[in-house]
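The values are calculated or read from the model by the stated rules, or taken from the named source; none is laboratory data. Computed from a prediction, not measured in an experiment: that's the story for all the values here. Ideal geometry is used to build each Cβ from the backbone, glycine not excepted, and the neighbour counts take in all protein chains shown.
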Amino acid sequence: RAKVSLVAHLAEDPLPLRKAKITLEAANKRADKARAPFQAATEAATEARAAAEAARAEAESAARAAEGARAEATASREAAEAARAQATAAREAAVAAREAAESARKAAEAARAEATAARRRAEAARADAEAAKQRAEEAVQAAQDAVAEAEALLAELMANPGSGHGALWWIERELTEKKK
């Protein structure tokens, strides 16, 4: 019976912990690699949002300037033509700036949505890595339980007076080597 137990013990894979550590490191590297491009997209979205806000402020100030020019045009008939032309030009600039601000805002919203999706994917990858770590810890515990069981069986066999102590000594030595 001891030989069968020893053969079964020796047939087990002695490296599950090492394999689990390598798997965990690979999962962490994949998660970091998947997260990197989306962080750049988040920064680009933040810059686009700042540009959109600056363009909106500029458009609002241009609109205020156009309204002032219109009031001045009604006050003075002689300056009305010149002020009207200036107001029209300012209004066109304000419309162009507002359209630019709208397009920048839409681009910022799209980039924000993409960054949010990237964050969700990164969180899912992190959850996968944590699950892999948990599986690795369970594999280590199973290996430790198997070694403890083999030691208990060996101690039981050594307690019997009729068993061959030379063979048991050899099994104990092999078990000690495997624990290293």
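Go through region 103-124 and give me each residue that's surrounded by fewer than 17 Cβ atoms within 10 Å (Cβ to Cβ) and hydrophobic (A, V, I, L, M, F, W, C).
Those that are surrounded by fewer than 17 Cβ atoms within 10 Å (Cβ to Cβ) and hydrophobic (A, V, I, L, M, F, W, C): 107, 110, 113, 117, 124.
Yes or no: region 109-120 includes at least one residue that is out of contact with any Phe, Trp or Tyr (no Cβ under 8 Å at 6 or more places or on another chain), more than 23 Å from residue 53 (Cβ to Cβ) and not in a helix (DSSP H, G or I).
Looking for residues that are out of contact with any Phe, Trp or Tyr (no Cβ under 8 Å at 6 or more places or on another chain), more than 23 Å from residue 53 (Cβ to Cβ) and not in a helix (DSSP H, G or I), one finds none in region 109-120, hence no.
Given the structure, is residue 78 exposed (fewer than 15 other Cβ atoms within 10 Å of the Cβ), of a type in the set (D, E, K, R) and assigned to a loop (DSSP other than H, G, I, E, B)?
Spelling it out, residue 78 is indeed exposed (fewer than 15 other Cβ atoms within 10 Å of the Cβ), of a type in the set (D, E, K, R) and assigned to a loop (DSSP other than H, G, I, E, B).
Mind telling me which of the residues 47, 72 ends up being assigned to a helix (DSSP H, G or I), surrounded by 14 or more Cβ atoms within 10 Å (Cβ to Cβ) and not aliphatic (A, V, I, L, M)?
72
Looking at the structure I just gave you, is residue 63 hydrophobic (A, V, I, L, M, F, W, C), modelled with pLDDT under 85, assigned to a helix (DSSP H, G or I) and farther than 30 Å from residue 121 by Cα?
no
Quick check on this structure: which one of 143, 131 is assigned to a helix (DSSP H, G or I) and in contact (Cβ under 8 Å) with a residue 24 or more places away in the chain?
Result of the check over 143, 131: 143.
Here's the yes/no breakdown for (1) at pLDDT below 85; (2) among the charged types (D, E, K, R); (3) under 30 Å from residue 156 (Cα atoms):
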position	(1), (2), (3)
12	yes, yes, yes
16	yes, no, yes
26	no, no, no
39	yes, no, no
48	no, no, no
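Are any of the residues in region 85-93 charged (D, E, K, R), without any contact (Cβ under 8 Å) to a residue 12 or more places away in the chain and on the phi < 0 side of the Ramachandran plot?
yes
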